[in-house]
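Written out below as structure tokens is the structure these notes cover.
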Amino acid sequence: TFDVLADYIFWFGDMNYRVDYEFHETIDFLDKGNLKGLRDKDQLRKQMSTNKIFSTFNEKQIDFLPTYRRKKFVVDEDGHKTLKNEKEDEDESNTISTAVQSNIPSQITNGAPIKSHSQIYFNKDKQSPSWCDRILIKTNRFYEILTYTALEDIQYSDHIPVQSTYSL
């Protein structure tokens, strides 16, 4: 437990929790636009709900794509962004519906056609796309979480930073 005398405690960073699905199962959920199915298998939320860790902290529901194991952008001399091509991760057999195309933020694709979410996530070390990067809050005072989002324009590693705004 965190019995610290403070008005507000924010705990944030790479918490290294994963989604309990294999890579291709996770991609299937993403391609179908089923974030709820992934949230149901989120290790951190499961441990919070069973009082194993951070049980007195709160987090706004995650409504953005997993922030971990992303491929990086390559920026050309004209400033155009494209996804870095990783041959080991290409899967030409995937098809994608227009509904799935619309749930991939334009900052990721820069308008390029994407067949599957497997084109924006690494399948390295058998690690499934996950929400490793989190922001939690603990307080006995009034607060409201106004926003909780991934900063898709900032892609310099395989993690996408997250941001949250509060009314305290």
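The values are calculated or read from the model by the stated rules, or taken from the named source; none is laboratory data. What you see is a predicted model, and the numbers here were worked out from it, not measured in a lab. The protein model used for the area step is the full one, side chains on, heavy atoms only, and it has no ligands, DNA or RNA in it. Shrake-Rupley method; radii C 1.70, N 1.55, O 1.52, S 1.80 Å.
For residue 116, list long-range residues whose amide hydrogen, built 1.01 Å from N in the peptide plane, is under 5 Å from its own amide hydrogen.
For residue 116, no residues qualify.
If I stretch the segment between residue 158 and residue 125 completely, what's the gain in nm (0.36 nm per residue apart, minus their alpha carbon distance), one decimal?
Full-extension gain reported as 10.6 nm.
Taking the solvent-accessible surface of protein heavy atoms with a 1.4 Å probe, what is the per residue accessible area of the range 118-168 in Å²?
It amounts to 49 Å² per residue over the range 118-168.
Determine the alpha carbon to alpha carbon distance for each of 41/115; 46/138; 46/115 and list only those over 22 Å.
With Cα atoms farther than 22 Å apart: 41/115; 46/115.
Can you work out the Karplus-derived ³J(HN,Hα) for every residue in the range 14-20? Use 6.51 cos²θ - 1.76 cosθ + 1.60 with θ = phi - 60°, whole Hz, and x for glycine or proline.
Result, ordered by residue: 7, 8, 6, 8, 10, 9, 7 Hz.
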